[in-house]
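Colleague: Let me give you the structure first, and then I'll get to my questions.
Computed from the coordinates by the stated procedures, all read-outs in this text should not be read as laboratory data. Predicted, not measured: the structure shown is a model, and the values here were computed from it. Note that we place each Cβ from the backbone using ideal geometry, even for glycine, and neighbour counts take in every protein chain shown.
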Amino acid sequence: MDRFSKIQWGPGALAIFIGLFLFVFLIVPVAKVVFVAFQDPNTGALTLVNFVDFFNTSLFRESFINSLYVALMSVALSSAIALPLAYFTTRFNFGGAVLIQTLGIIPLIMPPFVGAVAMLLLFGENGSVNLIINDWFGFTIPFMEGLNGVILVESIHYFPFILINLSAALLNIDRAMEESAQNLGASGTRLFRRIVFPLAMPGYIAGASLVFLKVFDDIGTPLLLNINNMLAPQAYLRISSIGISDPMGYVISVILVAFSLFALWVSFLALKGKDYATVQKGGGGLMKRDLRPWEKIGCYAVVILILLMVLSPHIGLALLSFGTVWSFSVLPDAYTWAHYGNMWRTADGYIYNTLLYAGLAALIDVVLGTAIAYIVWRTKIIGRKWLDFIAMGAVAIPGVVLGIGYLRTFVEFNVPIVDKPLASWWVIIVVALAIRRLPYALRACVAGLQQVSVMLEEAAENLGATKYRTVRRIVVPLMSGGMLAGFVTSFATAAVELSATLMLVSAQSDAPLAYGIWEFMQSAAGRGPGAALGIIAVLIVGIATYVSYRIIQRTERQRSVGAVVAEQV
Amino acid sequence: MTDIRPEAVGVTIEDVSLSFGTTEVLKGITLKIEPGEFFTFLGPSGSGKSTLLRAIAGFGPTPAGRILIGDDDVTHLVPWRRNVGMVFQSYALWPHMTVRKNVAFGLEERKVGAREISSRVDAALDLVGLREFAERRPSQLSGGQQQRVALARTVVVEPRVLLLDEPLSNLDANLRVQMRRDILELQRELKLTTIFVTHDQEEANTTSDRIAVLNDGIIQQVGSPMELYDNPANRFVAYFLGTANLIDGRVEFEATTPVFQADDGTRISLAGRDLPAGAGTAMFRPQDLTICKAGADDAAAGGVVLPGSIRHREFLGSLVRYSVRVGTREILVDDSHHAGGRIFDIGEDVDLHLDVDRVQVLGV
């Protein structure tokens, strides 16, 4: 009679398999890192001595302060960029709104370190902008000096997190919220301060804490700008120069994880119990008004200035990839295709590896994401919330920490047929990418699934379809938009990920694009080809994002089953 | 808080027109709402009733024409200077404030002293019976409670006029009946000029002193609920308030007697009426007919006899509503129901006796 009982073994087995995968490739490596940080390097006993050493070393104290300073300043500068953009687009009938919404997202399709070198050439001491300023006014501005450079580059790349979240929060405020305040006598700045601002606050904090987390964990940008006295770069430098047994790398990792968790906790607190999405039928979003002509000019000026700055890494990168010599001049001396030729001779392996790794990782993510989403939202398996929680927890693990964890954990595990340690086999890079990007894919899949009404499934079961057949014929086709969004988000961000990859690439032939750009950018001669490779990376990610956006739009038009695309990076 | 109230004021709407782009939403509305009156804008969705209400509150584009509250022309006044209280369909309670803060908001904007705010907020919450919920957040309240908070938040500022934009549409049926009584009681107690927007004729009939029926941006008729029901000005009003049988045709004269000649040949003599000749629509309610067995010589029923056969039957408790096929049209007839009363079956031939005194002829 088991055939007709309501107990389903399939999802249970699947849940156990996924749980095991997450345990081996997420929990164990991270636990290992934490454990080593608290272990005496000589005796193996548990101790706090490593942390004492850490805070007794002036370099580490300085790195800690610097990382905190850079992360906080980046949040401030990102906010300064994002606030006016979000406000203009949601408050005014403004032709620039579409421009902001599309161009504003572009920074996310390129990791910050790629543009860092180009930014030096544009904003550095002898860069284009300072040459012009010096020419006209006789002074220069230290945009890129020391930590300033890191802050500028990170802010330009990560401000869309605030823009997206804040715009969404503003759009979710029902017009009646404002109207009722006006009806009771409030207007102008008081209305903004007492109603609009508090209602948009959770969205802003969610975006700001993401920026903090991303900047705090980034290793590529500071290293390329030659800033070593920050935490994440120090972790990498300790492990790569002193070795896998040096405890300082682990101590730093624990601090990185702690701050990531802290940032996520803040964002959780901000959003908890404050589902302020108040839009009801009848008009969503703030009251929009038309701009007077001079206001319009002012708005466009601000928007264009910001967008120029935002696109400067891309512009600089393009110039760098086509320029012959570019030094002490506003623009390159002459233009050439040579860098693309040079790049192509050495880099086709990078491109192939990237497509392979990112494609596999995204595939794993979508399969896992769909399965987890289904298990969590459609079954009653005990512990299903934990599966979701652990998978989402990967957000809090910086790439460098995961990389160190993999090195330490899997170095002794020999893969049978290829006969080398798992830690130096290319597959481990794929696994790292998959784990790192799983939260984004999972969220997209959950969004897709939530738009499939349970009633549609019940209708199929009522007509005789088994659970498995229902999933195959109803659920998966209807959530394909969400799955595709998940795939592309995973793919696009995995294609340009550097921090974990940097730790795990053991042979040049296994290296992906981001690593290749990194290698090129190390030498002055490699900048041109490196920039050319960077342009290729931007194109791959950009095209993938655009295509998926179009496909999703089309499927959404065909049936009103939506998907979340905004989950970039 | 009822001791020193300002005198109730009226609202005057003079030739108000309004367009969204090329769509004309209001077409020359003129109305006078008396002080202290409970007045309703009734109409289907898209009729312009909400737009008109919002124009009184100052929301949406500035309309052509004039809007006066009391003697003040407010047509060009910003919403926050009008002192009209509006209760929104979605309640629009601010989720980041407690109930107390929500209710205090308008008083704070009016720079009322802290002690007075506190006592007036308490009084307003007492008025709607939610004093003990003052420290809760709106999300912790039921729909009906949120509605009461929205009301308290509006009346606490002692507005000159109370505007209610479909305030009951988000409540379930039982609560709606309770709530509309409470609103009416509140309005009577505060003697507030109130304008209520709804698409529900029952809500309008049970609460209003007068109703303006709107359709297509035009006022179709203004009057008390009973006037509108008994003497509808046109097909739309007849149809929108209650159930009506409408027969197209024209009024002709046989000597000096007006006769309604229906398009399908039926003739209804309207002796003693003062009617102009020409095209018109005869209107009568389902209760204006008596249903009898076919051929039964029922002298008591009298009137014009319309022979037909039963197509549908709906049992509505106190009455049975028949749909009767008469010639090419269906006529609705109500027959009051008592236990053991005569019930006609589907397909049965019947005679309908129409009381001609109850027939109204509407202009086209």
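Colleague: Extending each Cα 7 Å along its Cβ direction at B:L68 and A:Y300, get the distance between those two points in nm, one decimal.
Modeller: My value for the distance between the label points is 4.5 nm.
Colleague: Continuing with the same structure: Would you mind counting up the charge near B:Q261? Only other residues with Cβ under 11 Å from its Cβ, with Lys and Arg at +1 and Asp and Glu at -1.
Modeller: Spelling it out: positives minus negatives among the neighbours equals -3.
Colleague: Additional query: For the stretch A:515-545 and the stretch B:183-252, what is the centre-to-centre distance using only Cα atoms, to the nearest Å?
Modeller: Each part reduced to its Cα centre gives a spacing of 72 Å.
Colleague: Taking amide H atoms as placed 1.01 Å from N in the peptide plane, list the residues 5 or more away in sequence, or in a different chain, whose amide H sits under 5 Å from that of B:L163.
Modeller: B:G85, B:M86, B:V87, B:I195
Colleague: Of A:K380/B:K101; A:K272/A:K296; A:K272/B:K191; A:K32/A:K420; A:K214/A:K385, which ones are farther than 32 Å apart at the Cα?
Modeller: From A:K380/B:K101; A:K272/A:K296; A:K272/B:K191; A:K32/A:K420; A:K214/A:K385, over 32 Å: A:K380/B:K101; A:K272/A:K296; A:K272/B:K191.
Colleague: Counting only C-alpha contacts under 8 Å and six or more residues apart, can you give the relative contact order of chain A as a whole percent? Mind showing how you got there, number by number?
Modeller: Working: 885 pairs, mean separation 108.7, N = 569.
Taking the mean separation of contacting Cα pairs over the length of chain A, I get 19 percent.
Colleague: In terms of modelled amide H atoms, which long-range or inter-chain residues lie less than 5 Å from the amide H of B:N215?
Modeller: B:Q220
Colleague: Per-residue HN-Hα couplings for the stretch B:25-42, Karplus 6.51 cos²θ - 1.76 cosθ + 1.60 at θ = phi - 60°, whole Hz, x for Gly and Pro?
Modeller: 9, 10, 10, x, 7, 10, 8, 10, 9, 7, x, x, 7, 9, 10, 10, 8, 10
Colleague: Placing +1 at every Lys and Arg Cβ and -1 at every Asp and Glu Cβ, with all other atoms neutral, what dipole size does the protein assembly as shown have around its Cα centre, in debye to the nearest 20?
Modeller: Details: 76 positive and 81 negative charges, 401 e Å.
Dipole of the protein assembly as shown, to the nearest 20 debye: 1920 debye.
Colleague: Could you size up the charge dipole of the stretch B:69-220 around its Cα centre, putting +1 on the beta carbon of Lys and Arg and -1 on that of Asp and Glu, and report it in debye to the nearest 20?
Modeller: 580 debye
Colleague: Looking at the protein assembly as shown, what % of its DSSP beta bridges pair antiparallel, to the nearest 5?
Modeller: 75 percent
Colleague: Given R₀ = 60 Å, what would the calculated FRET efficiency be for A:E62 paired with A:R289, taking r from the Cβ atoms and rounding to 0.05?
Modeller: Values: r = 50 Å, r/R0 = 0.83.
Efficiency for this residue pair is about 0.75.
Colleague: Nearest 500 deg cm²/dmol is fine: what mean residue ellipticity at 222 nm does chain B get from its DSSP H runs of n ≥ 4 alone, each adding -39,500 (n - 2.57), divided by its residue count?
Modeller: When only DSSP H runs of four or more count, the value is -7000 deg cm²/dmol.
Colleague: A further question on this structure: With θ set to phi - 60° and the Karplus curve 6.51 cos²θ - 1.76 cosθ + 1.60, what are the ³J(HN,Hα) couplings of the stretch A:42-56 in order, to the nearest whole Hz, using x for Gly and Pro?
Modeller: Whole-Hz 3J(HN,Hα) from phi for the stretch A:42-56: 8, 8, x, 7, 6, 7, 9, 4, 5, 6, 4, 4, 4, 7, 8.
Colleague: Now for a different question. Could you give the length gained on full extension between A:E412 and A:N228, defined as 0.36 nm per residue of separation minus the Cα-Cα distance, in nm?
Modeller: Between A:E412 and A:N228, full extension yields an extra 63.2 nm.
Colleague: Tell me, what is the FRET efficiency for B:S336 and B:S19 to the nearest 0.05, using R0 = 45 angstrom and their Cβ-Cβ distance as r?
Modeller: 0.40
Colleague: Place +1 on the Cβ of every Lys and Arg and -1 on the Cβ of every Asp and Glu in chain A, take the dipole about the Cα centre, and give the residue among A:S260, A:I244, A:M177 whose Cα lies farthest towards its positive end.
Modeller: Farthest towards the positive end: A:M177.
Colleague: Where Lys and Arg each count +1 and Asp and Glu each count -1, what net charge lies around A:S509 among other residues with Cβ under 14 Å from its Cβ?
Modeller: Spelling it out: positives minus negatives among the neighbours equals -2.
Colleague: Explain nothing, just the number: relative contact order of the stretch B:8-85, from Cα pairs under 8 Å at least 6 residues apart, as a whole percent.
Modeller: The normalised contact order for the stretch B:8-85 reaches 34 percent.
Colleague: Give the long-range amide H neighbours of A:T47: residues separated by 5 or more places, or on another chain, with amide H under 5 Å away, using H modelled in the peptide plane at 1.01 Å from N.
Modeller: Those lying under 5 Å, H to H, from A:T47 are A:Q39, A:D40.
Colleague: Sort A:474-487, B:19-32, A:178-191 by the packing proxy (mean of other Cβ within 10 Å over each peptide's residues), most packed first.
Modeller: Numbers: A:474-487: 22.9, B:19-32: 14.4, A:178-191: 20.4.
Those peptides, ordered most packed to least, come out A:474-487, A:178-191, B:19-32.
Colleague: Using a cut-off of under 17 Å, list every residue of the stretch B:37-74 whose amide N is near the label point 7 Å from the Cα of B:E227 along the Cα-to-beta-carbon line.
Modeller: Within reach of a label on B:E227: B:37-42.
Colleague: Above 21 angstrom, tally the Cα pairs of the stretch B:11-238 and express them as a % of all pairs, no decimals.
Modeller: That tail contains 55 percent of the Cα-Cα pairs.
Colleague: Work through the residues other than A:A532 whose Cβ is under 13 Å from its Cβ and net out their charges, Lys, Arg +1 and Asp, Glu -1. Display every interim value, and only then the final one.
Modeller: On the way: positive: A:R345, A:R527; negative: A:D348.
Combined, the nearby Lys, Arg, Asp and Glu give +1.
Colleague: To continue, here is another question. Does a label point 7 Å from the Cα of B:D209, set along Cα-to-beta-carbon, have any residues of the stretch B:35-54 with amide nitrogen under 13 Å, and which are they?
Modeller: Only B:35-40 pass the distance filter.
Colleague: Could you go through the stretch B:349-354 in sequence order and give the Karplus-derived ³J(HN,Hα) for each residue, using 6.51 cos²θ - 1.76 cosθ + 1.60 with θ = phi - 60°, rounded to whole Hz, and x for Gly and Pro?
Modeller: Ordered by residue, 3J(HN,Hα) equals 7, 9, 10, 9, 9, 9 Hz.
Colleague: With a 10 Å radius around each residue's Cβ, average the other Cβ atoms per peptide and rank A:397-404, A:210-217, highest first.
Modeller: Highest-to-lowest ranking by the protection proxy: A:397-404, A:210-217.
Colleague: Which whole number gives the average count of other chain Cβ atoms within 10 Å of the Cβ atoms across peptide B:93-100? Let's see the in-between values first.
Modeller: Details: counts 4, 11, 10, 10, 3, 0, 0, 0.
Partner Cβ neighbours, averaged per residue: 5.
Colleague: Mean residue ellipticity at 222 nm from the helices of chain A, using -39,500 (n - 2.57) per DSSP H segment of n ≥ 4 over the full residue count, to the nearest 500 deg cm²/dmol?
Modeller: The helix-only estimate for chain A comes to -22500 deg cm²/dmol at 222 nm.
Colleague: Principal axis lengths of the stretch B:243-362 from Cα atoms, whole Å, largest first?
Modeller: 46, 25, 23
Colleague: Also: Identify, among A:G369, A:G383, A:L407, the residue whose Cα sits farthest towards the positive end of the charge dipole of the stretch A:355-427, taking +1 on the Cβ of Lys and Arg and -1 on the Cβ of Asp and Glu, with the dipole about the Cα centre.
Modeller: Most positive-ward Cα: A:G383.
Colleague: Hey, how many Å between the Cα centroid of the stretch B:85-159 and the Cα centroid of the stretch B:27-82?
Modeller: Cα centroid to Cα centroid, the span is 24 Å.
Colleague: Let me ask something else about it. What FRET efficiency comes out for the pair B:S45/B:S142, r = Cβ-Cβ distance, R0 = 41 Å, nearest 0.05? Before the final figure, lay out the partial values.
Modeller: Numbers: r = 26 Å, r/R0 = 0.63.
Rounded to the nearest 0.05, the efficiency is 0.95.
Colleague: Right, next: Sequence gap at least 6, Cα distance under 8 Å: using those rules, report the relative contact order of the stretch B:11-238 to the nearest whole percent. Please report the intermediate quantities before stating the final value.
Modeller: Values: 416 pairs, mean separation 64.2, N = 228.
Value for the stretch B:11-238: 28 percent.
Colleague: Among B:L175, B:G347, B:Q221, whose Cα sits farthest toward the positive end of the charge dipole of chain B (+1 at Cβ of Lys/Arg, -1 at Cβ of Asp/Glu, about the Cα centre)?
Modeller: B:L175
Colleague: Now for a separate question. Stretched out fully, how many nm does the piece from B:E132 to B:E34 gain, at 0.36 nm a residue minus the Cα gap?
Modeller: Roughly 31.7 nm would be gained on extension.
Colleague: In whole Å, what are the extents of the protein assembly as shown along the principal axes defined by its C-alpha atoms, from largest to smallest?
Modeller: 117, 79, 59
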